[in-house]
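Every number in this text was worked out from the coordinates using simple rules, so none of it is lab data. Source: prediction; values computed, not measured. Cβ placement follows ideal geometry from the backbone for every residue including glycine, while neighbour counts extend to all protein chains displayed.
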């Protein structure tokens, strides 16, 4: 269990599977379903392998077979027991012929002229329970042909010439041998038409009306047809050259129908959708108004006979709008008015396409528009999605296709004579020069300049080059394995290093995007590779990205790979026992996608629902992270509305102004696929139109949504001076309450900075360096949170003398403190005093520039509990008045969502609008929960974001059962999250501060946290910069951890300590009380701790708990007759050794346990 964690691709496949009943030769019946095989099936597959199986397929390693098969399917019964299994590859069994050359080999020896890599698979293993073998093989063949639209033939070609089992002999017919009477191998073939013939599509007739109406009523998704009884009959009657209606049949029974029309509003489509990336679909020529258009397929005069045609040479401009706003020189366009087909035959909906092309042989392209909330049917996966324009409010998705996209595509190695055609193909693309240079190096030496082997492949249709893919050896596979969870998808030990490759460049004509998976599958076969990786660097990174056109084509096929939490190693102490430099050496951050052989035929569920997230808070990023990392889902319409977009690449000085939750650093964000999967709208939400379902953003832009998620959090607001007359003695207690909580509406001074995010911090630092640091003016830092102390330290770090800094603290809430540990607070205040920073307590801003125009700000006045405070300032840094942003408040209240100081939600994140959700500190629970002290602000924002995603995912993922409505009593309970709440930063005195604690209530009404007196472990002193405080709860689990150190902290390591039992931490409690631990920093940097910091240690814990529980459950009767404790310890020790052995690349400091050697 611990050794590897491969992704099971069956989830998406199961979306298209239904249970069926089969019968054995003796009449026994079983209810079964065909699904993608899982690694857990290996044991059941091995049990079905017989000598007759090995006589045909040779010796089989089930795990290796599942890992390398393009398609592996299992027939399981209702109890999920394996009845049968079949594995399919894209080349014959064994070493009969090189996998890259099987096509020519078979055509030389057998009559297989119609077999191509696109339409053929090879059976590498079939096993089944003997009495169900015949029924199983038929059911598997039916399911495989049904699931893979382009598949026509399944061949059984093996060098092991032996007698076939009767089930295979009946299913596979012999191939005709062309060379001699003694064929060199066993060669048989299975045809689609025997098991899953294509649907028969014909023109609809009047007598089909009743059958068509029955299908419409069954599906219930075509109200126009159902509500108007004669609508369909009229359509059938009014068929013409421009209007067609067709039905599809199975054995003479109608199972679906379509309606096609030439009545297309191109102007509306052009206004709503962005055709700039798919303009090769048009046949619009550069000509005068009176010149006739060239006939379809006409060759340009300048084109030489036999010349290779390219994408760029045929690329045309978008249709132009004339002065009247009409489309001039209209292409011939048709559209699907509607398509209705029974659920059982949805996978065969692509069979309509040949009929459409036949009806309109000269069409330029065909369009289909579908509602964004409609699940994508398989037909749409064969079409090209046209992205909506940024200004479009239409909640529709547009798909198009051109007949050329369905012509046979061939993939082969690039040749030198292809270079002119490739140059035309990539003309005008970003980084095309880099692609052409790598291509030159490939032609010259098959290697890049740095010596890395290169391979280049082209895709062509009718001698036209329509795509190119350049790959190179993945030189950093050990780094990738250590830093990314590729072992969630592959068994790494079954993939030699030479089988890993990196996508360097990729260009494909949009008309052929639906065969992208086939292109990658072919490249893996031809290049003898098993894994392709694609790196996506953030846009701000200086490292040159690859020439990719289009990135979406890769993302539609590959799976995103999560980054792994890293161990911070004490490299000097470890010496030669440290991991290799290839692992520990830091590289530029990137998001990683993976495509392996077993994923090359894995379908993805496309989600077109428009999900709009407002605010780039930790909660929002966590929510988007979960959605982007769903391997079998592809979200096309994720949008983030944020004032400054995603967090960019900020340096250390920028991040020093504010404290951090250690949730998402700039590097963390760069390792997520957010930049490629999420569209960013820069601006602030200023309105919500619930009726039209769009968000109004500053700048008058409208963003449509199907689901809206509000995660704006809380922000520091511009302080509003009370405006009192300071010529008279006034104290804070004498101020009217409304003046203290007012909203500032005047001009904002140019030297006043309110810091809420890294963008604000970077702007403030640039201004300070240019206009303040070298001068002698004073700085005023106003606020009461920990951020004021980190900002003071940032100013000191910029070279500002402490005597120039005024720290002004507003009155604090009773019992409130910036720091949870008094020792840290005392040390920080002492450091502030030692630095010469002037601290003013219990101050409220009264006036700016004595009530005159505030820009630039030179004087500020405060009321106190005694005399007023007047300060001169060259810069004012505001970190006060943290609450809901006014624009967010106005948007929420203006749309009549319930707002009571915060956005009111229930335990499932729902607001009063079923399409609008809220999460994070912006929200509070409804009063019906009677728990005012608990809110999302009490918990880890990352955990809250993940829980929000778990609530919404069943709305999009057909493989997840929608959760039933919670029981009434459960809905009255506030959800309790368990992950730690983290806060940290660099404080005055150069202290690196980290505080990790369990969630706690945010108001004083909750009981205070109490620790057992003997459960507090403290070493060092905060003043000396070696303070480490750790508290255990009543179960001896680590509950809080506080660090205050002059040295940088190993934050990732310390986060791993939360929730661990003290015995797991080297008998921590007993050692501490015996005086054996003098420095917890040194204690937790010992090499034995590194295994606990490993990101898979929690899996080891879970496995050990399961083993222990199993052993205890098996103990019955007298305790003297139970399993000896020594045996249990040996079992647990074996699991621990396996954990260390498998993760040896990251834990080489542990001695490897070798089996004893016998002489």
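At-a-glance table
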item: Computed lengthening from residue 130 to residue 1033, 0.36 nm per intervening residue step minus Cα-Cα distance; result: 319.3 nm
item: Gap separating the Cα centres of the stretch 53-80 and the stretch 414-464, nearest whole Å; result: 38 Å
item: Between helix 1097-1114 and the chain: long-axis angle, C-alpha atoms, 0 to 90°, nearest 10; result: 80 degrees
item: Computed lengthening from residue 1071 to residue 29, 0.36 nm per intervening residue step minus Cα-Cα distance; result: 368.7 nm
item: By average C-beta atoms within 10 angstrom, highest first, the peptides 717-725, 782-790, 579-587; result: 782-790, 717-725, 579-587
item: Computed over the stretch 702-759, Cα set: Rg, Dmax in Å; result: 17.6, 57
item: Förster-model FRET efficiency, 41 Å R0, residue 108 and residue 440, C-beta, rounded to 0.05; result: 0.75
item: Label point distance in nm, residue 1024-residue 661, each placed 7 Å from Cα along Cα→Cβ; result: 3.6 nm
item: Equivalent-ellipsoid semi-axes of the stretch 732-881, from the Cα gyration tensor, Å, largest first; result: 22, 21, 14
item: Sequence of 571, 1080 once ranked by neighbouring C-beta atoms within 10 Å, starting from the fewest; result: 571, 1080
item: Helix axis angle, 432-445 relative to the chain longest principal axis, alpha carbon, degrees; result: 60 degrees
item: Rg to Rh quotient for the chain, alpha carbon positions, Kirkwood Rh; result: 0.99
item: Inter-centroid distance (Cα atoms) of the stretch 1018-1069 relative to the stretch 861-923, Å; result: 34 Å
item: Overall form of the stretch 642-786 per C-alpha gyration tensor (a/c, 1.5; a/b vs b/c); result: oblate
item: Shape call, the stretch 499-568: gyration tensor on alpha carbons, a/c limit 1.5; result: oblate
item: Extension reserve of the residue 163-residue 1106 stretch, reckoned as 0.36 nm per residue once the Cα distance is removed; result: 334.9 nm
item: Largest-first ellipsoid semi-axes for the stretch 10-195, taking √(5λ) over the Cα gyration tensor eigenvalues, angstrom; result: 26, 17, 16
item: When the convex hull of its Cα atoms is projected in every direction, mean area for the stretch 708-818 (nm²); result: 10.1 nm²
item: Cα-based helix-to-principal-axis angle, 516-526 vs the chain, degrees rounded to 10; result: 80 degrees
item: Residue 119-residue 1131 FRET efficiency (beta carbon distance; Förster radius 51 Å; 0.05 resolution); result: 0.50
item: Pairwise centroid distance, computed over Cα atoms, of the stretch 708-751 with the stretch 599-651, Å; result: 36 Å
item: Ordering of 989-995, 678-684, 239-245 by packing [mean C-beta count within 10 Å, highest first]; result: 989-995, 678-684, 239-245
item: Gyration tensor (alpha-carbon) shape descriptor, the stretch 647-720, a/c threshold 1.5; result: oblate
item: Hydrodynamic radius (Kirkwood) for the stretch 465-623, which is based on Cα pairs only, to one decimal in Å; result: 17.6 Å
item: Over the chain: helical MRE at 222 nm, DSSP H runs n ≥ 4 each giving -39500 (n - 2.57), nearest 500; result: -7000 deg cm²/dmol
